Amino acid sequence: MSYLDPEALVVSLRRIRTEAPETGIVQQLERAVEVVDALLGYSGAGLMFAEEGKELRYLVATDDPGRSLEGAQLHLGQGPCVSAYEQDAAVTCADVRADPRWPELAARLHPGVRAVAGVPVRLGGRPVGTLNVYQSTPYAWTETDVQTLHAYADVIEQLLIAATAAEEKTVLAGQLQHALDYRILIERAIGYLMGKHDLTAAQAFTGLRKRARDSRRKVADLAAEVLGEGAVGAGGIRPGD
């Protein structure tokens, strides 16, 4: 892990905690994950949450390799981040491509994902999700890395507690559910485009995002159209888009 300036961390966390009241919990969580990625010197980071009584779903990923890490684990139902949630403890992996605990995972990952670490995010004393980071090369995670990630997961817990105190629980749940549904809709559209046009996940997402931007629409709205009208052209998104 690269050297972390404590003052920079404090300033960044304070900014997250004091954002304007109209900033939603999902936006605050996205900002928190971006700070992990930028300040702690890892290759990427992500955040996964579990719906009430259900399996994990990903909420935030800083880049395409991070999306592949979270998506592959959710598809297989296994991996370091899933284990961190199930065991309510930190789980690290120096090189996921050589780790016998999850033999099927490596084949589904972006080549830029090698070392992975996940820690549980708790609320009310029980795990509700995981904070995940990865490195693009094999890496021996240290106790300092793990302690830092636990501390940052505590910050995320405080964001959730503060949001719960500021809003009715149903509003908070609605925001998280909307974000989760938004992500899964886009993932389904990406999967459809990959199969329809023989694209990689990155190509499909880039094309979807470009078409949405060009037409001044939300990516989720275009994803819904792709899924609804896929049989008659997949929304016009092709490898060259």
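The values are calculated or read from the model by the stated rules, or taken from the named source; none is laboratory data. Source: prediction; values computed, not measured. Glycine also receives a Cβ, built like all others from the backbone with ideal geometry; neighbour counts cover every protein chain displayed. Surface accessibility is based on the protein's heavy atoms, side chains included, excluding ligands, DNA and RNA. Shrake-Rupley method; radii C 1.70, N 1.55, O 1.52, S 1.80 Å.
Table for the structure above
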item	result
Residue that is least open to solvent (accessible area, probe 1.4 Å), among those in segment 190-206 that are assigned to a helix (DSSP H, G or I) and polar (S, T, N, Q)	Thr206
So Leu131, is it out of contact with any Cys (no Cβ under 6 Å at 6 or more places or on another chain), of a type outside the set (Phe, Trp, Tyr) and either under 23 Å from Leu180 (Cα atoms) or open to solvent by 60 Å² or more (accessible area, probe 1.4 Å) (or both)	yes
In segment 78-123, the residues that are open to solvent by 30 Å² or more (accessible area, probe 1.4 Å), under 20 Å from Leu47 (Cβ atoms) and aliphatic (A, V, I, L, M)	Ala89, Ala90, Leu123
Members of segment 66-77 that are of a type outside the set (D, E, K, R) and either surrounded by fewer than 21 Cβ atoms within 10 Å (Cβ to Cβ) or within 13 Å of Gly191 (Cβ to Cβ) (or both)	Ser68, Gly71, Ala72, Leu74, His75, Leu76, Gly77
Residue that is modelled with the lowest pLDDT [pool: residues in segment 156-176 that are of a type in the set (S, T, N, Q) and open to solvent by 60 Å² or more (accessible area, probe 1.4 Å)]	Thr170
Residue in segment 151-166 that is within 21 Å of Arg67 (Cα to Cα), in contact with a Leu (Cβ under 6 Å, 6 or more places away or on another chain) and hydrophobic (A, V, I, L, M, F, W, C) present	yes
Count of residues meeting criterion [basic (Lys, Arg) and at pLDDT below 85] in segment 177-217	1
Count of segment 186-213 residues which are over 12 Å from Gly71 (Cβ atoms) and of a type in the set (Phe, Trp, Tyr)	1
Count of segment 40-65 residues which are at pLDDT 80 or above and either buried (at least 23 other Cβ atoms within 10 Å of the Cβ) or under 21 Å from Glu157 (Cα atoms) (or both)	15
